[in-house]
1. Could you say which residue among 48, 59, 55 is at pLDDT below 90, open to solvent by less than 90 Å² (accessible area, probe 1.4 Å) and either at negative phi or touching a Ser or Thr at 6+ places or on another chain (Cβ under 9 Å) (or both)?
2. More than 10 Å from the chain's Cα centre (by Cα) and of a type in the set (Ser, Thr, Tyr): is that true of residue 34 in this structure?
3. For the structure I just gave you, tell me whether residue 27 is at pLDDT below 90 and touching a Leu at 6+ places or on another chain (Cβ under 8 Å).
4. Hey, residue 30 hits all of (1) under 17 Å from residue 65 (Cβ atoms); (2) open to solvent by 80 Å² or more (accessible area, probe 1.4 Å); (3) not in a strand (DSSP E or B) but one; which does it fall short on?
5. If you check every pair at least six apart or on different chains, which have Cβ atoms under 8 Å apart with a residue in region 55-67 that is assigned to a strand (DSSP E or B) first and a residue that is among the charged types (D, E, K, R) and at pLDDT 90 or above second?
6. When the residues of region 68-81 are narrowed to those that are at pLDDT 85 or above and surrounded by 10 or more Cβ atoms within 10 Å (Cβ to Cβ), which ends up nearest to the chain's Cα centre (by Cα)?
Amino acid sequence: MENLFAASDSIKLFDISTEKIVRSLNAHDDYVKSICGMDSYLLTSSYDGKIKLFDFRIDEALIKTFDAGLPVEQIISISNY
């Protein structure tokens, strides 16, 4: 299954072949500003000052929350760093 992620006030996972929402998460207390996918992992950031790490291979997808203390506009992933 190939996936597409979208975010606004929630994070949605779409199955590209069916164009249907597979999963929806309300993970942040404010608007999601950035999403970054890496294999089965997803990083999200928000105006709520949190960066969250999800693993969509498991039911409880949220595996870690980082508190930046300030709104987070953007995140990126750098391999082998």
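The values are calculated or read from the model by the stated rules, or taken from the named source; none is laboratory data. No experiment lies behind these values; they were computed from the predicted model shown. Neighbour counts run over all protein chains shown; Cβ positions are idealised from the backbone, glycine included. Side chains included, ligands, DNA and RNA excluded: accessible areas come from the protein's heavy atoms. Shrake-Rupley method; radii C 1.70, N 1.55, O 1.52, S 1.80 Å.
1. Details: 48 fails: at pLDDT below 90; 59 fails: open to solvent by less than 90 Å² (accessible area, probe 1.4 Å).
Only one candidate passes the filter, namely 55.
2. On the way: more than 10 Å from the chain's Cα centre (by Cα): no; of a type in the set (Ser, Thr, Tyr): yes.
Considered against the rule, which asks whether it is more than 10 Å from the chain's Cα centre (by Cα) and of a type in the set (Ser, Thr, Tyr), residue 34 comes out as no.
3. Working: at pLDDT below 90: yes; touching a Leu at 6+ places or on another chain (Cβ under 8 Å): yes.
When the stated conditions are applied, residue 27 passes them.
4. (2)
5. Note: pairs meeting the criteria are 62/52; 64/52; 65/50; 65/52; 66/50; 66/52; 67/50.
6. 75
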